1. Of the numbered conditions (1) over 23 Å from A95 (Cβ atoms); (2) within 16 Å of ligand 1 (Cβ to nearest atom); (3) among the polar types (S, T, N, Q), Q112 fails exactly one; give the number of that condition.
2. For the stretch 260-272, check the following and say yes or no: at least one residue is away from ligand 2 (no atom under 16 Å from the Cβ), assigned to a helix (DSSP H, G or I) and at pLDDT 80 or above.
3. I'd like the residue in the stretch 27-46 that is surrounded by fewer than 23 Cβ atoms within 10 Å (Cβ to Cβ) and not in a loop (DSSP other than H, G, I, E, B) and, out of all such residues, is nearest to ligand 2 (Cβ to nearest atom).
4. Exactly one condition in (1) more than 9 Å from ligand 1 (Cβ to nearest atom); (2) more than 15 Å from R177 (Cα to Cα); (3) surrounded by 20 or more Cβ atoms within 10 Å (Cβ to Cβ); (4) of a type in the set (S, T, N, Q) is false for T86; which is it?
5. Just to be sure I understand the filter: pairs with C-beta atoms under 9 Å, separated by 6 or more residues or on different chains, first member in the stretch 201-212 and closer than 15 Å to L21 by Cα, second member polar (S, T, N, Q) and within 8 Å of ligand 1 (Cβ to nearest atom). Which pairs pass?
6. Look at the stretch 186-215 and say how many of its residues are within 12 Å of ligand 1 (Cβ to nearest atom), at pLDDT 85 or above and touching a helix residue (DSSP H, G or I) at 6+ places or on another chain (Cβ under 6 Å).
7. When the residues of the stretch 69-83 are narrowed to those that are in contact with a Ser or Thr (Cβ under 9 Å, 6 or more places away or on another chain) and within 7 Å of ligand 1 (Cβ to nearest atom), which ends up nearest to L6 (Cα to Cα)?
8. Filter the stretch 1-26 down to the residues that are more than 16 Å from ligand 1 (Cβ to nearest atom) and in a strand (DSSP E or B) and list them by number.
Amino acid sequence: MSRPALSIVIPFLNEEKVLPLLRARLEKMQAAIPDVELLFVSDGSSDGSCAIVNDWAERDPRVKLIALTRNFGHQSAVSAGLSFATGEVVGVMDADLQDEPEILLEMFRLLQSEQLDVVYAVRTRRHGEPVKRLFYFLFYRLFLYLADSPVQLDSGDFCVMSRRAVTLLLALPEKLRFIRGLRAWLGLPAKAFPIARPARAAGDPQYSLGRLVKLAGSGLTSFSTRPLRLGFIFGTLLCLGAVIGAMIYLGFALFSDTRLAAPGFSTLVIILLFFNGLVFLYLGLLGEYIGQIFMEVKGRPSFLVERTVNLPPDRSSHERD
Ligand code: UDP
Ligand code: MG
């Protein structure tokens, strides 16, 4: 089977308002690359969006639908799409037109002309709530500081990847997938593509701040063990400080008449509280890592496919595992 030049993975969750707009933009793209494969992944949509894609797929064999059994989360939906994609180059974009098809086409051309493995969009300007924007900004700086492997700063999942990159990505055994992290981890020739991210074309964001925090947490813990090490270093320093302090007190008690011990009861309580807090904080952090290990050890697939349209049922490499 000959591969199409480009596959585009588009995960969506209840996007019936925006899909008709997306379709118009993608039809223009189909004119530019006639054999483009469009893989729509329904991440447990419960509105009319599946029907819209279904209808389009019935008329156009290049349009494919993968419906997951329930909502597995955006990252899993992207993984599902990647595992079904057959293109020489595979693009990933959101359905809400915040990732523009025209830009994907430009990234595709850049990847081809410079023979890169990854071209990823980097946001120079971000629309949306200031809290979310600040959160993203801080997250990427923290990630850069903590991560043990390369980081693609301010990048999202919007990218194009070569077949080689996709194959390597899919072969990674982990179930908790933080795609933008894994993509950088591969270490293949990559280039950033600066874009100004527009606002959503229609409908409401599906990612709440809480879910973003969760994604950030799992992203950080799956790419860095530095927080664990920080706890160890901090704990060691505290213990050393305590020993030195004890020696000073002992010295004064033995060799001087000065009385150092003041009756600072409240100070003691505050210090106790603070350090107990730290202990709990680190227990929580350990818990995060153990949680990740637990999820991985169970070895459940990161998504389940309920049905597909215009696709052979066994094409997902994940399902065959
Ligand atoms: N999405 C998804 N599963 C989810 C949440 C979101 O497939 O559980 C899709 C959503 O339909 C959209 C994309 O992922 O196409 C990005 O979501 P959203 O626009 O809500 O996120 P934001 O752009 O605010 O980061
Ligand atoms: Mg969006």
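The values are calculated or read from the model by the stated rules, or taken from the named source; none is laboratory data. Keep in mind the model is a prediction, meaning the values are calculated, not measured. All Cβ positions, even for glycine, are placed from backbone atoms using ideal geometry, and neighbour counts span all protein chains on display.
1. The number of the failed condition is (2).
2. no
3. Of everything passing the filter in the stretch 27-46, M29 is nearest to ligand 2 (Cβ to nearest atom).
4. That leaves (3) as the condition not met.
5. Within 9 Å, the pairs are A201/Q98; G203/N14; D204/N14.
6. Counting residues in the stretch 186-215 that are within 12 Å of ligand 1 (Cβ to nearest atom), at pLDDT 85 or above and touching a helix residue (DSSP H, G or I) at 6+ places or on another chain (Cβ under 6 Å) gives 0.
7. This residue is A77.
8. Hits for the stretch 1-26 are L6, S7.
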